[in-house]
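K.L.:
After the structure tokens below, expect a handful of questions from me.
The values are calculated or read from the model by the stated rules, or taken from the named source; none is laboratory data. Bear in mind the structure is a predicted one, so any value in this text is a computation, not a measurement. Cβ: placed from backbone, ideal geometry, glycine included. Neighbour counts: every protein chain shown. Surface accessibility is based on the protein's heavy atoms, side chains included, excluding ligands, DNA and RNA. Shrake-Rupley method; radii C 1.70, N 1.55, O 1.52, S 1.80 Å.
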Amino acid sequence: MDLKMYAPRFSKLSQALHSADADVWAVSDRAHQLADKGEDVIFLCVGDPNFDTPEPILDFARARLGVGRTHYSPAAGELVLRRAIADIESKVSDHPCSPDDVVVFPGGTNAIFGVLSCLLNPGEQIVIPEPMYIGYVPITDALQLDVKKVSCPADKGFAFEIESIKQAIGEDTRAVMINTPVNPTGAMATPEQLRELAAYCRERGVWLISDEMYSMITFARRHTSLRTAAEKLDNVVVIDGLSKSHAMSGWRLGWAVAQGELVERLIEYAGATIFGCPQFIQEAAAFALEFDTYFVKQMRDAYERRRDLIVERIGKIPGLSCYSPEAGMFVMVNVSAVAQDGEAFASALLDAERVSVLPGKPFGPSAVNHVRLTLAADEADLSRALDRIERFVVGGCLKAG
């Protein structure tokens, strides 16, 4: 009788996903454990909108379910949604956009995975400014890409430095990926910066990918898409979705806009891996994009009030500082004067005051002395959390060093 234990073996891709930044959510996981035990924990760590999806969108989805829109859809996505996306792109840009330029994916993250899968081979180099969205790490690790990070320093408000990005592009660079507005910093690239970077990447034969998931959550100035700013589009890919702007994170709906053969490759990839997104969800998304002005404005105004509340309160707490982000759903708080780093601050804050914030380290070296606070909490909870943070800091938290 063979009593030898079976030893499972796994792929390099699954191992990369298993090990990529395993400690990113350590503080958040502890916070959930405390909450499960009945503790009064305030969560300021996750970027999931705390609004419900607007009722008219729900009603439309229910209606489409009622007429049987529950079958397979084309790999590229339903024409009604691709046309709605193309119409929006065409309205804000001198470059016409066709529905044939759009490929629909189950979420922006999946769109990013699909785009990078179609553009880069294992070992090839991609340049990404940091602080950067945490979700890029497992994707690039799983695809075994060589990630070259470019710092956007905190002392300059995490602003884009196009010259630094250009200098990072070398002979081995195959792609550059930017995020504007940025998660976690809320920084926005200017139209001039986008135009310059797109032209330089094209000259160097490099793809330029722009993740614009927070494009509809901007405050003082409007978002400018890379597709609007660039003079030529043959090396440009834009990724966007409805998760944040329309409080539809659980609907899993995003898209990529590109040109030429890349679109064909993306459709083939989508057909092989996801076999289309749900019909009723895509039709509800098209409806949302057509009748969204009121609801998006209501949510955006709420995020702006919450941003102002956090910035004002943090500015009055000795030892803490932050700048007012131009966009997005987060505020980055510098804790270097009161704690060894963001990780130490977040862990001690949870222990002492039961407030869960996200350490900055996983976003990149530029954010190591910061913590991220979400705007996805109502003003009452934000005020309670800020009271606790102030008590924690004034009472004497971990000292620098």
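K.L.:
Going by amide H atoms built from the backbone, whose H comes under 5 Å of the H on Q125, apart from near neighbours?
P.N.:
Here the answer is D146, R174, since their amide H atoms fall under 5 Å of that of Q125.
K.L.:
In the set [x] 52, 49, 36; [y] 68, 59, 49; [z] 65, 52, 37, which value of Cα extents along the principal axes in Å was calculated from the structure you see?
P.N.:
Comparing each candidate, only [y] matches the computed number.
K.L.:
Sticking with this one: Quickly work out the Q167-to-D40 label distance, labels modelled 7 Å from Cα along the C-beta direction, and quote it in nm with one decimal.
P.N.:
With each label point 7 Å from Cα toward Cβ, the separation is 5.1 nm.
K.L.:
Return a whole-number percent for the relative contact order of the chain, with Cα pairs under 8 Å and 6 or more residues apart as the contact set.
P.N.:
The value is 23 percent.
K.L.:
Stretch E261-S11 to full length: gain in nm at 0.36 nm per residue minus the Cα-Cα span?
P.N.:
Stretched out fully, the E261 to S11 stretch lengthens by 87.0 nm.
K.L.:
Enter the angle in degrees (range 0 to 90, nearest 10) between the Cα long axis of helix 279-290 and the first principal axis of the Cα atoms of the chain, meaning the one along which they spread out most.
P.N.:
80 degrees
K.L.:
With the full set of protein chains in place, find how many percent of the accessible area of segment 71-190 is carbon and sulfur; take the probe as 1.4 Å.
P.N.:
Carbon and sulfur atoms account for 49 percent of the accessible area of segment 71-190.
K.L.:
Given points 7 Å out from each Cα along the Cα-Cβ axis, report the D146 to E379 separation in nanometres with one decimal.
P.N.:
Placing both labels 7 Å beyond Cα along the Cβ direction yields 5.2 nm.
K.L.:
Between beta-carbons, use under 11 Å as the cut-off and find the net charge around Y214, counting Lys and Arg +1, Asp and Glu -1.
P.N.:
Local net charge: -2.
K.L.:
Under a point-charge model restricted to the Cβ atoms of Lys and Arg (+1) and Asp and Glu (-1), what is the dipole moment magnitude of the chain relative to its Cα centre, in debye to the nearest 20?
P.N.:
Rounded to the nearest 20 debye, it is 340 debye.
K.L.:
At R0 = 22 Å, how high is the FRET efficiency between E290 and L65 if r is their beta carbon distance? Nearest 0.05 is fine.
P.N.:
0.70
K.L.:
Counting pairs of alpha carbon atoms under 8 Å apart in space and at least six apart in sequence, what relative contact order in percent does segment 317-389 give?
P.N.:
It rounds to 29 percent for segment 317-389.
K.L.:
Quick check for the chain: number of Lys pairs with alpha-carbon distance under 27 Å, counting only pairs 8 or more apart or on different chains?
P.N.:
The result is 27.
K.L.:
In addition: Using the alpha-carbon atoms, what tilt in degrees (0 to 90, nearest 10) does helix 293-314 show relative to the longest principal axis of the chain?
P.N.:
For 293-314 against the chain, the angle is about 30 degrees.
K.L.:
Write down the accessible area per residue of the chain in Å², having rolled a 1.4 Å probe over the full set of protein chains.
P.N.:
45 Å²
K.L.:
Also, I was wondering about something else. Given a 1.4 angstrom probe, I'd like the percentage of the accessible area of segment 282-330 that is carbon and sulfur, rounded to a whole number.
P.N.:
Summing carbon and sulfur atoms, their accessible area is 53 percent of the total for segment 282-330.
K.L.:
Oh, and also: All other residues with a Cβ under 11 Å from the Cβ of G360 taken together, and with Lys, Arg as +1 and Asp, Glu as -1, what is their net charge?
P.N.:
-1
K.L.:
Looking at the chain as a GNM with Cα springs under 10 Å, which of I112, I85, I169 has the largest mean-square fluctuation?
P.N.:
I169
K.L.:
Return the carbon/sulfur percentage of the accessible area of segment 213-274, one whole number, probe 1.4 Å, all protein chains in place.
P.N.:
That share works out to 46 percent.
K.L.:
Putting +1 on Lys and Arg Cβ atoms and -1 on Asp and Glu Cβ atoms, find which of M216, G241, V257 reaches farthest to the positive end of the dipole of segment 208-323.
P.N.:
So the residue we want is M216.
K.L.:
Would you mind calculating the relative contact order of segment 253-378 from Cα pairs under 8 angstrom and at least 6 residues apart, reporting the percent as a whole number?
P.N.:
17 percent
K.L.:
What do you get for the angle between helix 79-92 and the principal long axis of the chain? Use alpha-carbon atoms, 0 to 90 degrees, nearest ten.
P.N.:
70 degrees
K.L.:
Could I ask something else about it? Put H32, H18, H370 in order of accessible area, largest first, 1.4 Å probe: what do you get?
P.N.:
Putting H32, H18, H370 in descending order of accessible area: H18, H32, H370.
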